[in-house]
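This report concerns only the one structure given below.
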Amino acid sequence: MAVPHIKTPPPGPRARLIVDRDRQTVSSSYPRCAPFVMARGEGAGVEDVDGNVYLDCCAGIATASTGHSHPDVVRAIVEQAQRFLHISTDYYHEGQVALGEAIAEIAPIEGRARTFFSNSGTEAVEAAIKLARYHTKRPNIIAFLGSFHGRTLGSLSLTSSKSVQRRGFGPMAPGVFHAPYANPYRAAAGASADECAEQCLAYIEQQILVHLVSPDEVAAIVVEPIQGEGGYVIPPRAFIHGLAQITKKHGMLLVVDEVQSGMGRTGKMFAIEHFGVKPDIVVMAKAIASGLPMGLTVASDAVMDWPVGAHSNTFGGNPVACAAALATIKLVRGGLMANAADVGEFLLGKLRDLAGHHEIIGEVRGKGLMIGIELVRDRKTKERAAIERDALVMAAFRRGLLVLAAGQNSVRLSPPLVLTKDQAQIAVRLLDESLAEIAIS
Ligand SMILES: Cc1ncc(COP(=O)(O)O)c(C=O)c1O
């Protein structure tokens, strides 16, 4: 699929019709970012219903990791679908056991890993919250400002990315305390990355755990090792290490949400591996099954100590999703993770070069193929260029490049891990042109 290839200025006539129909009957809550109406996909290319072909640097929010409709994944899905589509969690099937074993091999935790299966990131976070409370017999959770953990009521109580996601849905689950997330780019004036980490850790130890809640009543600290929806923010190493120390000291659990950053995207299987820390619970979803719905909550045998019937569901470990996940893990370990590291470094370098020509780029940051570009009106004051960011997403879309917004004023690139260096060059060229367009408009 040659990308991009724009036949009619998007959105074309068929896309427009479908978008209009969508407005009649589909929930008005979906935050659509561009009128792209998908017809098919292959690798990092996606075609809309008018025959326009785009380079996909979103992968359905970091999900279609093996590329669209990778033949190995499709084959695994078809073979499983021909045998059976569903068997509830009241019985067994081999695919679920095999996936549990595969996850135990790759999970970055101490001890033998056990997996709870669900269907989405938010459900996997819910399971982590319940497990942390159950195991520790403590009710409270510490989470971070700017974080995103999902939109069901338990996970939403941790989510604090945008107020619109919480507005009108209160009260939230009680016992959640939010701390600042260490963002070196937005550290207090003059503070180094390590000082920024220290200040955020001090807020937990000297404010939350002194004035608001006793440490022996906190079940867990839940953290994204790289903040996703919050703007692809990479914290200093000292921040994650400090969290591990706090949890160890007070008998809390460290829960890492790898829903967006996991499964090879950052060049390692899990982003937490960049920090050399072993968490107690790992939450996964999105890319685990290349786009089929699946969420996983993984903990050691010792932590996952809940009894039969304590937590379960109907669809968890769906056989088709398990088949897709097993094929996905094989592909990620068999080369895609290495490609993410290699092409990611190349892309990061080219995007940093772009910052030399476009004053609006405040920072380009990333690991592997999880890359954020933060736009600012002034590099000194770091005033957020939010309107310009939205304009950039649309300017890129019109040129045939799909990118998503993140945080208040960042653009995120989370392409399929099959992205080639040639395709990365194309993405950079289209972003360069789009940045030039928004600078003069
Ligand atoms: C880090 C993180 N956790 C949890 C979720 C929720 O996942 P889902 O949308 O599958 O419920 C997301 C979704 O973007 C996420 O990025």
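The values are calculated or read from the model by the stated rules, or taken from the named source; none is laboratory data. No experiment lies behind these values; they were computed from the predicted model shown. Here the Cβ positions follow ideal geometry from the backbone for every residue, glycine too, while neighbour counts run over all protein chains shown. Heads up: the accessible areas ignore ligands, DNA and RNA and are worked out on the full protein's heavy atoms, side chains in. Shrake-Rupley method; radii C 1.70, N 1.55, O 1.52, S 1.80 Å.
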Would you point out which residue out of 124, 44, 113, 62 is small (Gly, Ala, Ser) and farther than 28 Å from residue 156 by Cβ?
44
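Picking from 241, 178, 211, which residue would you name as being surrounded by fewer than 24 Cβ atoms within 10 Å (Cβ to Cβ) and within 16 Å of the ligand (Cβ to nearest atom)?
Criteria check complete, one pass: 178.
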Name the one entry in 145, 156 that is more than 8 Å from the ligand (Cβ to nearest atom), at pLDDT 95 or above and open to solvent by less than 10 Å² (accessible area, probe 1.4 Å).
156
Since residue 30 meets every condition but one in (1) within 16 Å of the ligand (Cβ to nearest atom); (2) touching a Pro at 6+ places or on another chain (Cβ under 6 Å), which condition does it not meet?
(2)
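Among the residues of the range 332-357, what is the count of those that are open to solvent by 20 Å² or more (accessible area, probe 1.4 Å) and either in contact with a strand residue (DSSP E or B) (Cβ under 8 Å, 6 or more places away or on another chain) or outside any helix (DSSP H, G or I) (or both)?
5
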Looking only at the range 127-142, which residues are crowded, with 24+ Cβ neighbours inside 10 Å and either in a helix (DSSP H, G or I) or within 11 Å of the ligand (Cβ to nearest atom) (or both)?
127, 128, 129, 131, 132
Pairing a residue in the range 251-270 that is away from the ligand (no atom under 12 Å from the Cβ) with any residue that is assigned to a strand (DSSP E or B) and open to solvent by 10 Å² or more (accessible area, probe 1.4 Å), where Cβ atoms lie under 7 Å and the two sit 6 or more apart in sequence or on different chains, gives 266/367; 267/367
Can you tell me which residue in the range 291-333 is nearest to residue 85 (Cα to Cα), limited to those that are of a type in the set (Ser, Thr, Tyr) and touching a helix residue (DSSP H, G or I) at 6+ places or on another chain (Cβ under 8 Å)?
328
Under 7 Å between Cβ atoms, which residue pairs at least 6 apart in sequence (or on different chains) link something in the range 276-303 that is touching a residue at least 60 places away in the same chain (Cβ under 8 Å) and in a strand (DSSP E or B) with a partner that is of a type in the set (D, E, K, R) and open to solvent by 20 Å² or more (accessible area, probe 1.4 Å)?
295/123; 299/114; 299/280; 300/110; 300/112
When you look at residue 163, is it away from the ligand (no atom under 16 Å from the Cβ), touching a Lys or Arg at 6+ places or on another chain (Cβ under 9 Å) and either open to solvent by 80 Å² or more (accessible area, probe 1.4 Å) or closer than 19 Å to residue 286 by Cα (or both), yes or no?
no
Looking only at the range 306-321, which residues are open to solvent by less than 20 Å² (accessible area, probe 1.4 Å) and part of a loop (DSSP other than H, G, I, E, B)?
316, 317
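Looking at 124, 64, which is the one that is within 16 Å of the ligand (Cβ to nearest atom), farther than 30 Å from residue 216 by Cβ, among the aliphatic types (A, V, I, L, M) and in contact with a Gly (Cβ under 7 Å, 6 or more places away or on another chain)?
Answer to the check: 64.
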With the requirement that a residue be of a type in the set (D, E, K, R), within 15 Å of the ligand (Cβ to nearest atom) and either over 22 Å from the mean Cα position of the chain (by Cα) or open to solvent by 20 Å² or more (accessible area, probe 1.4 Å) (or both), what does the range 214-238 give you?
229
Subset of the range 283-303 (residues that are within 11 Å of the ligand (Cβ to nearest atom) and either in contact with a Phe, Trp or Tyr (Cβ under 9 Å, 6 or more places away or on another chain) or under 13 Å from residue 127 (Cβ atoms) (or both)):
283, 284, 285, 293, 294, 295
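Filter the helices (runs of 4 or more DSSP H) completely within the range 1-116 down to those with at least 2 residues that are open to solvent by less than 20 Å² (accessible area, probe 1.4 Å) and touching a residue at least 24 places away in the same chain (Cβ under 8 Å).
Values: elements: 13-25, 59-62, 71-83, 94-106.
Where helices (runs of 4 or more DSSP H) fall fully within the range 1-116 and carry at least 2 residues being open to solvent by less than 20 Å² (accessible area, probe 1.4 Å) and touching a residue at least 24 places away in the same chain (Cβ under 8 Å), they are 59-62, 71-83, 94-106.
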